[in-house]
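K.L.:
Dropping a structure here in structure tokens format, bear with me for questions.
The values are calculated or read from the model by the stated rules, or taken from the named source; none is laboratory data. Quantities reported herein were computed from a predicted structural model and do not represent experimental measurements. Please note: Cβ atoms are built from the backbone with ideal geometry, for glycine as well, and neighbour counts cover all protein chains shown.
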4 protein chains.
Amino acid sequence: MRGPLAGIVGYSGYSGAELVRILERHPRVQPVLLDHREDAVVPSSLRHRSPRRLPCQAEAVRHEGLAIVFLATPPEASMHLAPAMLEAGARVVDLSGAFRLRTSGHYQTWYKQAHTEPLLLAEAAYGLPEFCRERIPSARLVANPGCYPTAANLAIRPLVEAGVVDRAAGIVCDAKSGVSGAGNKPTARTSFCEVTENFSAYSILRHRHVPEVLMVSGLEEREFSFTAQLLPLDRGILETIYFRAVGVTSAEELLAIYEKRYAGEPFVRLYPRGQAPDLRAVARTNFCDIAVTLDAATGRAVVVSVIDNLVKGAAGQAVQNMNLMLGYPETEGLL
Amino acid sequence: MRGPLAGIVGYSGYSGAELVRILERHPRVQPVLLDHREDAVVPSSLRHRSPRRLPCQAEAVRHEGLAIVFLATPPEASMHLAPAMLEAGARVVDLSGAFRLRTSGHYQTWYKQAHTEPLLLAEAAYGLPEFCRERIPSARLVANPGCYPTAANLAIRPLVEAGVVDRAAGIVCDAKSGVSGAGNKPTARTSFCEVTENFSAYSILRHRHVPEVLMVSGLEEREFSFTAQLLPLDRGILETIYFRAVGVTSAEELLAIYEKRYAGEPFVRLYPRGQAPDLRAVARTNFCDIAVTLDAATGRAVVVSVIDNLVKGAAGQAVQNMNLMLGYPETEGLL
Amino acid sequence: MRGPLAGIVGYSGYSGAELVRILERHPRVQPVLLDHREDAVVPSSLRHRSPRRLPCQAEAVRHEGLAIVFLATPPEASMHLAPAMLEAGARVVDLSGAFRLRTSGHYQTWYKQAHTEPLLLAEAAYGLPEFCRERIPSARLVANPGCYPTAANLAIRPLVEAGVVDRAAGIVCDAKSGVSGAGNKPTARTSFCEVTENFSAYSILRHRHVPEVLMVSGLEEREFSFTAQLLPLDRGILETIYFRAVGVTSAEELLAIYEKRYAGEPFVRLYPRGQAPDLRAVARTNFCDIAVTLDAATGRAVVVSVIDNLVKGAAGQAVQNMNLMLGYPETEGLL
Amino acid sequence: MRGPLAGIVGYSGYSGAELVRILERHPRVQPVLLDHREDAVVPSSLRHRSPRRLPCQAEAVRHEGLAIVFLATPPEASMHLAPAMLEAGARVVDLSGAFRLRTSGHYQTWYKQAHTEPLLLAEAAYGLPEFCRERIPSARLVANPGCYPTAANLAIRPLVEAGVVDRAAGIVCDAKSGVSGAGNKPTARTSFCEVTENFSAYSILRHRHVPEVLMVSGLEEREFSFTAQLLPLDRGILETIYFRAVGVTSAEELLAIYEKRYAGEPFVRLYPRGQAPDLRAVARTNFCDIAVTLDAATGRAVVVSVIDNLVKGAAGQAVQNMNLMLGYPETEGLL
């Protein structure tokens, strides 16, 4: 028999549908679709799938004894739903930006709206296991990281920790994402004819994912330049990260920093010097692949970091967090 | 009656076919296909086009009195053909990298082969009209710029000239190109199934176009970090350029530098603050579109520069150079 | 000086924007944008273009003396605007389906709405020049053909006229179109993530373009099976047409039927036996390319017909009609 | 402990790599890479995978006791390797066309080369489990069906068996495939810039997969018109199949024929009237999805059949055959 019930709100969105896909093969939990607004209609991508459906209401969640609920919803909906789900006895993994930042003020600044649940914000654990693994197992509410910050922080924080970044010169993170990162609401910007054979930058220097990178990496805003860009493809994020290296004289030394930091980490893979990952290397997986280039003579360094934005950047990492919260092996259902 | 004959060697490649397309509508010259190796077979993209064909031989070129010959060939072929074409009395626009750099040594370093025509290398005029317009009209041999350096130098040199770049922190140029930039030789790297739904970096920090940027922009290699990347689309280059601005306090001031520098330039377009070009804005045109973002509080600046790699990055700029060489209006056949 | 004014309603749609692109280079007329509803905002694709703008009102059209108005609007809008434009003294080319069929009843059956201008419907000339060239020059109102019927009728009608189709076995037309054929309204069906790496059939056997094919080709509905399908690309239509040939014994004989029928036609190109066009052959052109395969032993025959749905399937053919209406060479501005 | 060893020759091709992907998760067998020619270098798509490697030699296969060997090789290589592998004691699933047809003469006609193993050709079992399930469990050599014939036969044979096809009018099968179906050898035809934003027909009426359809469906060549076409996407086949229905008066009756025929089949899914599958519905799965449209008044009928060409059209079906050969549940490792 399968184990506890795991509810999914927002299953008709791209991250939500990916959660269903992963949880249907997870050996320990049973997925349940929680009908919330547009989710009341099952999308064609789930047509052939079997999970039960429940209304997305605290009473239903409590009555069925759901162990955990995933919120694949916009931040406003998450602020509204998280307290009700917690009150109903479920633990919560929120995939929106609602509970990622540390303070209401910070949230107001970047999300341009008031935070309605400041106490939960203070309580939430940030769910980047590679750096925050201690708090997750006991957390009631885990804020699943943003897609861009996941790829960025896994690449940048070890460098900052090791003190090999010339912080006066700063770090540049040039990020490119597939279109599924923009969600499934039809818009002119994400229509096929606008995206195909096209490429564009957006939110230059002021993407709302920036504060997550600063929070985890320890960089100051003035030290970090970030541009998001839209690739004509479905899924995947590649970030090209530039900095001036200090105190290291070879790519191997930079690699050694990562190897030490990520020894035993199941979802970070490092590339030997001279190789670099492409998006295919991580498509439909929970891996983050990292490669390093260093021009020893001048200190110019480039790190390439890639993830699947719907897996390690959303649904996969959410299940990784669930595994930690429910005491399962961290890789369960993810390899 | 139409005017002088313009020969095209390498018309079966992407840049060569684009030259045919542009010259067929050019009101002043008549294109002639010069059959060289694989070009002896007309590709399907030219099947419905009408230009005459000649063998690619000095005698044929001399006998027909070709005024100008475009070499859309690899650098080795260009080093071999340019002297013969010049000897036959034609002027030459070379689209390869053979005659772009200043010295044989520099060429040897970046192209990993000896330069067989050092005197011609010394004689050649670099064909970026916006910065080298004086020498082009009288040049026998024009070296048409590389695609990446065209987009980079048009964005970077005005900033360096104006002294607004913190050169200690350096400039990052994160470049993305469509697949046609890799030429039409079938390779595993450019096959459809490897490129679609994929994105990858290559030649990190050591692309052979780097020295062209240094030569024109005046930057030192240690000040310039460049990564080339392959977009899953046919044509277009977008470069995202990062630097620390000094001595300017607003995006408008940066824009004013460009506006002054490019006043009267027909092929550079500037975007108002808050807007940025995408690849579609310049597809199948000879324009370079440039937009600026500045965070005044910290000096972090981002410039986005886009071109069509086959037009302003190759065939269009070559025709722009031809117009200057033959005394036609610079925009003839290009608007 | 340029000549008469040509107004465009619906210039922010894909067909309308293509009209602007073509008319801006047309040597005989001056395009004017007529602001109608959403068109009041100029889309980015027209940002760098220069045409004047006028309100889309009969008084404005009359006052400016517009010679011709293109309606690139939905059928309901066209039924509303056509009478006003005609009353203002302009001639009209309508790109919608409003005036293509012969009777109000037919329109009601296929478009599921009442026709509000039955007298105009009766008056309108069907604008497929290759078969209806006589009525177009003097027509006040031309109904520009649908994209699918243009490719289908150019391929099928010569065969039916020549009597080489086994009509008891019927004709199959398997049609594939790029996404721009669905218009630029953002929908779930045309969003990038739904279309990329996907392919699907729709309106199987009951597409509203079917009656146009029957009307022009002379086939009965029971003789004609049509399926529309969505290709993951921007523009282009390819139709694969199957029938049993009677009375011909070689592909050359079939080709000869087309050659005779289209002798002198500037926009139909035929392929020699063994070759077939792809979408690239006609992209951004007003050509319809046709190729023939016949298995002589069994009579099985296949015709491939390709057009650019936005050019020969919409804006290009509309300009071809305008050229005929205003007495210009038929190919003016289209080669 | 995992069970018997399953060797894969041709693991660097698209079908071979898909076999590795599937077998790595298969709970009953252990994949082993057999190094054959170009396979001696592990491609990047397998870089992070772990299977052992062996030389592709009969002695190695015998010594290691491989239970089964998959040949994902061209037909010439398969004719050469199959006898050696069988002699070494392994059973063989061949994914090429080498052993699919019934006679050497037939093979010579369609593959334009002599068959060098006529006895094995006579012995081989055709591996379409839905129609040939009896012979597969005891077969030494299974010929895995072609991709196009799999989608075609699953759609067509139940109709022919039920006698609802007007065979005088014939059946049209208009087939579209992703580019991975063409293999991973770089060619001009499959290079990115030729395929993107393009669509083309090839092998019109004479594709070498035609005889497989005739063999399984029972149709005569004169009754069956087939065109293959290249979609600008990686993987997936959609076939649109047209015929005149006789003896049925509703789509439901047609559906009932399929429902009866495929009752209990784990990998065929039927769609209710009014719905149709797209390629996404079956991507990365072993399903064949089928939908039906019928115009009862005229008998015109359309069946849409979709598969993933690399799974049900190649590697997945090969594993389905292996499951039958080794006595495992048919769906093992495939759901």
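K.L.:
Working only within segment C:1-35, note down all residues that are touching a residue at least 40 places away in the same chain (Cβ under 8 Å), under 21 Å from C:Ala84 (Cα atoms) and over 22 Å from the mean Cα position of the chain (by Cα).
P.N.:
Once the filter is applied, which keeps residues that are touching a residue at least 40 places away in the same chain (Cβ under 8 Å), under 21 Å from C:Ala84 (Cα atoms) and over 22 Å from the mean Cα position of the chain (by Cα), segment C:1-35 yields C:Pro4, C:Leu5.
K.L.:
How many residues are within 16 Å of D:Arg102 (Cα to Cα) and in contact with a Lys or Arg (Cβ under 6 Å, 6 or more places away or on another chain) if we restrict to segment D:141-159?
P.N.:
1
K.L.:
Can you find even one residue in segment C:250-259 that is away from every other protein chain (no Cβ under 14 Å), more than 17 Å from the chain's Cα centre (by Cα) and either within 24 Å of C:Gly316 (Cα to Cα) or surrounded by 24 or more Cβ atoms within 10 Å (Cβ to Cβ) (or both)?
P.N.:
yes
K.L.:
All but one of (1) outside any helix (DSSP H, G or I); (2) crowded, with 18+ Cβ neighbours inside 10 Å; (3) charged (D, E, K, R) hold for B:Arg135; which doesn't?
P.N.:
Going through the list (1) outside any helix (DSSP H, G or I); (2) crowded, with 18+ Cβ neighbours inside 10 Å; (3) charged (D, E, K, R), B:Arg135 breaks only (2).
K.L.:
Still on this structure: Cβ-Cβ below 9 Å, separation at least six or inter-chain, first residue in segment C:78-105 and without any contact (Cβ under 8 Å) to a residue 12 or more places away in the chain, second surrounded by 16 or more Cβ atoms within 10 Å (Cβ to Cβ): which pairs?
P.N.:
Short answer, once both residue conditions are applied: C:Gly105/C:His115.
K.L.:
In addition: Looking at segment A:302-321, can you tell me whether even one residue there is more than 17 Å from A:Cys147 (Cα to Cα) and in contact with a Pro (Cβ under 6 Å, 6 or more places away or on another chain)?
P.N.:
Checked against the condition, which is being more than 17 Å from A:Cys147 (Cα to Cα) and in contact with a Pro (Cβ under 6 Å, 6 or more places away or on another chain), segment A:302-321 yields no hits at all.
K.L.:
Would you mind finding the one in B:Leu324, B:Leu254 that is part of a helix (DSSP H, G or I) and either within 28 Å of A:Ser225 (Cα to Cα) or among the β-branched types (Val, Ile, Thr) (or both)?
P.N.:
After applying the criteria, what remains is B:Leu254.
K.L.:
Output the residues belonging to segment B:91-119 that are outside any loop (DSSP other than H, G, I, E, B), polar (S, T, N, Q) and over 24 Å from B:Gly181 (Cβ atoms).
P.N.:
Selection gives B:Ser104 alone.
K.L.:
Which of the residues spanning segment A:211-257 are without any contact (Cβ under 8 Å) to a residue 60 or more places away in the chain and aromatic (Phe, Trp, Tyr)?
P.N.:
Listed by number, the list holds a single entry, A:Phe224.
K.L.:
Of the numbered conditions (1) more than 14 Å from every other protein chain (Cβ to nearest Cβ); (2) without any contact (Cβ under 8 Å) to a residue 40 or more places away in the chain, A:Val41 satisfies every one except a single condition; which is it?
P.N.:
A:Val41 satisfies all of (1) more than 14 Å from every other protein chain (Cβ to nearest Cβ); (2) without any contact (Cβ under 8 Å) to a residue 40 or more places away in the chain except (1).
K.L.:
State whether one or more residues within segment A:111-125 are surrounded by 22 or more Cβ atoms within 10 Å (Cβ to Cβ) and either of a type in the set (S, T, N, Q) or touching a residue at least 24 places away in the same chain (Cβ under 8 Å) (or both).
P.N.:
Yes: segment A:111-125 contains one or more residues that are surrounded by 22 or more Cβ atoms within 10 Å (Cβ to Cβ) and either of a type in the set (S, T, N, Q) or touching a residue at least 24 places away in the same chain (Cβ under 8 Å) (or both).
K.L.:
Please determine whether any residue of segment A:65-85 is surrounded by 21 or more Cβ atoms within 10 Å (Cβ to Cβ) and at pLDDT below 95.
P.N.:
No, there is no match, as no residue in segment A:65-85 is surrounded by 21 or more Cβ atoms within 10 Å (Cβ to Cβ) and at pLDDT below 95.
K.L.:
Could I ask something else about it? When you scan segment A:271-285, do you find a residue that is within 25 Å of B:Glu223 (Cα to Cα) and in contact (Cβ under 8 Å) with a residue 24 or more places away in the chain, even just one?
P.N.:
Yes, because at least one residue in segment A:271-285 is within 25 Å of B:Glu223 (Cα to Cα) and in contact (Cβ under 8 Å) with a residue 24 or more places away in the chain.
K.L.:
Considering only segment C:110-163, how many residues are hydroxyl-bearing (Ser, Thr, Tyr) and out of contact with any Gly (no Cβ under 7 Å at 6 or more places or on another chain)?
P.N.:
Here the count works out to 4.
K.L.:
Same structure, new question: All but one of (1) crowded, with 16+ Cβ neighbours inside 10 Å; (2) under 19 Å from A:Arg235 (Cα atoms) hold for A:Arg28; state the number of the condition that does not hold.
P.N.:
(2)
K.L.:
Still on this structure, I have one more. Do the conditions hold for A:Gly183, that is, is it buried (at least 24 other Cβ atoms within 10 Å of the Cβ), more than 14 Å from chain B (Cβ to nearest Cβ) and in contact with a helix residue (DSSP H, G or I) (Cβ under 9 Å, 6 or more places away or on another chain)?
P.N.:
Taking the combined requirement at face value, the residue does not satisfy it.
K.L.:
Here is a follow-up. Inside segment D:139-197, can you point out the residues that are touching a residue at least 60 places away in the same chain (Cβ under 8 Å) and of a type in the set (Ser, Thr, Tyr)?
P.N.:
D:Tyr148, D:Thr150, D:Ser177, D:Ser180
K.L.:
Kindly indicate which of B:Ala314, B:Ala283 is outside the structural domain of B:Ala162 (by TED's automatic domain parsing) and touching a Gly at 6+ places or on another chain (Cβ under 9 Å).
P.N.:
After applying the criteria, what remains is B:Ala314.
K.L.:
So which residues in segment B:283-321 are among the basic types (Lys, Arg) and within 24 Å of B:Tyr126 (Cα to Cα), if there are any at all?
P.N.:
Correct list: B:Arg284, B:Lys312.
K.L.:
Just checking, how many residues over segment D:31-53 are surrounded by fewer than 18 Cβ atoms within 10 Å (Cβ to Cβ) and modelled with pLDDT of 85 or more?
P.N.:
Residues that pass the stated criteria total 2.
K.L.:
If a residue counts only when it is farther than 18 Å from C:Met325 by Cα and touching a helix residue (DSSP H, G or I) at 6+ places or on another chain (Cβ under 8 Å), which strands (runs of 3 or more DSSP E) contained entirely in segment C:16-87 have at least 2 such residues?
P.N.:
C:30-35
K.L.:
Here's something else I'd like to know. Just checking, does segment A:266-273 include any residue being out of contact with any strand residue (DSSP E or B) (no Cβ under 8 Å at 6 or more places or on another chain), in a loop (DSSP other than H, G, I, E, B) and more than 8 Å from chain B (Cβ to nearest Cβ)?
P.N.:
yes
K.L.:
I've got another one for you. Exactly one of (1) over 21 Å from B:Leu310 (Cβ atoms); (2) of a type in the set (D, E, K, R); (3) in contact with a Ser or Thr (Cβ under 8 Å, 6 or more places away or on another chain) is unmet by B:Arg261. Its number?
P.N.:
It fails just one condition, (3).
The rows are residues; the columns are (1) under 16 Å from the mean Cα position of the chain (by Cα); (2) at the interface with chain C (Cβ under 10 Å from one of its Cβ atoms); (3) basic (Lys, Arg).
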{"residue": "D:Ile204", "(1), (2), (3)": "no, yes, no"}
{"residue": "D:His209", "(1), (2), (3)": "yes, no, no"}
{"residue": "D:Glu212", "(1), (2), (3)": "yes, no, no"}
{"residue": "D:Met215", "(1), (2), (3)": "yes, no, no"}
{"residue": "D:Glu221", "(1), (2), (3)": "no, yes, no"}
{"residue": "D:Phe226", "(1), (2), (3)": "no, yes, no"}
{"residue": "D:Leu231", "(1), (2), (3)": "no, yes, no"}
{"residue": "D:Gly236", "(1), (2), (3)": "yes, yes, no"}
{"residue": "D:Thr240", "(1), (2), (3)": "no, yes, no"}
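K.L.:
Which of (1) closer than 26 Å to B:Ala17 by Cα; (2) hydrophobic (A, V, I, L, M, F, W, C); (3) under 19 Å from the mean Cα position of the chain (by Cα) is the odd one out, the single condition C:Ala276 does not satisfy?
P.N.:
Result: C:Ala276 passes all but (3).
K.L.:
Identify all residues within segment D:187-201 that are over 27 Å from D:Asp166 (Cα atoms), in a strand (DSSP E or B) and facing chain C (nearest Cβ under 9 Å); write none if there are none.
P.N.:
D:Ser200 - this is the single residue of segment D:187-201 that is over 27 Å from D:Asp166 (Cα atoms), in a strand (DSSP E or B) and facing chain C (nearest Cβ under 9 Å).
K.L.:
OK, next. Give the residue that is nearest to the other protein chains (Cβ to nearest Cβ), with candidates limited to residues of segment C:162-180 that are part of a strand (DSSP E or B) and not aliphatic (A, V, I, L, M).
P.N.:
Out of the qualifying residues, it is C:Asp174.
K.L.:
Another question, if that's okay. Do you know which of the residues in segment B:291-310 that are assigned to a loop (DSSP other than H, G, I, E, B) and surrounded by fewer than 24 Cβ atoms within 10 Å (Cβ to Cβ) is nearest to the other protein chains (Cβ to nearest Cβ)?
P.N.:
B:Thr298
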